[in-house]
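Chemist: First the structure, which I've put down as structure tokens, then a few questions once you've had a look.
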Amino acid sequence: MGRVQLFEISLSHGRVVYSPGEPLAGTVRVRLGAPLPFRAIRVTCTGSCGVSNKANDTAWVVEEGYFNSSLSLADKGSLPAGEHSFPFQFLLPATAPTSFEGPFGKIVHQVRAAIHTPRFSKDHKCSLVFYILSPLNLNSIPDIEALQLHADIENQSGKDTSPVVASLLQKVSYKAKRWIHDVRTIAEVEGAGVKAWRRAQWHEQILVPALPQSALPGCSLIHIDYYLQVSLKAPEATVTLPVFIGNIAVNHAPVSPRPGLGLPPGAPPLV
């Protein structure tokens, strides 16, 4: 076993989800099997976005930084063998965007720690990703409460129509050297067609999984839009409406993430 047996970062109360403007506190832990000379021990909190022209490629062609704060935990000296803990705290910017990860780019927030050793010795590094959930208040968007569909279809032809299909579409736009648009069908429901010369009403709702919020405020490289599309294949007809997805329900007060709440990147709770 080497001289550095443990080098890790932990966040207070095991939290992984934070809101913009909140303090982020934690501890850097080090366990040594032998004394370790060092030049400095530092911890850094960063938030950034990277976008690529190719799917699943982390060679970013465009990058954007949101914050980069550093603290010195210890100056030049020598750590004796045994366990050592270094507490730290940062204040997250009020403008920090929500964490997100897609095929052409991602918004990542992380804490990194480093033990800088004397010249010709290997530095020791570790990191921990955390997630920011920026509130999108649906009370500011009128007449949007739930993803429910009420369609009135009048068939004025002599043929039966094809089944009617309602789809929830997600459009993610990435600003690389050019804009890249990734459109996906998130959820879909199908109803019966309409008989010739008949009129029918269709009432349906779409069950929506956890999704990133609309727009991603604070980020200029990635933009998210959602649409509800109702369509017929025969005869060909399509109606498309914008849908807003947020994390503060209509007529509800904002709720801060609870300690210990774990969410995957880019997946705030839906309303």
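Chemist: For each of K106, K171, count neighbouring Cβ atoms within 10 Å of the residue's Cβ, then give the residues from fewest to most.
Modeler: Working: K106 19, K171 13.
Fewest-to-most ranking of K106, K171: K171, K106.
Chemist: Let me ask something additional. Order these peptides, 14-27, 72-85, by their mean beta-carbon neighbour count within 10 angstrom, highest first. Please list the in-between numbers first.
Modeler: Details: 14-27: 16.6, 72-85: 12.4.
The densest-packed peptide leads the list: 14-27, 72-85.
Chemist: Taking every DSSP beta bridge with both residues inside the chain, roughly what % is antiparallel (nearest 5)? Write out the running numbers ahead of the final one.
Modeler: Details: 89 of 92 bridges.
Bridges in the chain that DSSP calls antiparallel: roughly 95 percent.
Chemist: May I pose another question? Can you count the Lys pairs in the stretch 138-243 whose Cα atoms are under 26 Å apart, with each pair 8 or more apart or on different chains?
Modeler: Working: K159/K195; K159/K233; K171/K233; K195/K233.
Number of lysine pairs found: 4.
Chemist: Relative contact order for the stretch 4-132: what is it in percent, counting Cα pairs under 8 Å that are at least 6 residues apart? Present the calculation step by step, with values, prior to reporting the outcome.
Modeler: On the way: 324 pairs, mean separation 43.6, N = 129.
After rounding, I find 34 percent.
Chemist: Give the shape of the chain as rounded, prolate or oblate, defined through the alpha-carbon gyration tensor: a ≥ b ≥ c are the square roots of its eigenvalues, a/c under 1.5 means rounded, and otherwise the shape is prolate if a/b is larger than b/c and oblate if not.
Modeler: Details: a/c = 3.46, a/b = 2.66, b/c = 1.30.
Prolate.
Readers should treat all values here as calculations from the given coordinates under stated rules, not as data from a laboratory. Not measured: the values here are computed from a predicted model. Every residue, glycine as well, gets a Cβ built from its backbone with ideal geometry; the counts of neighbours run over all protein chains shown.
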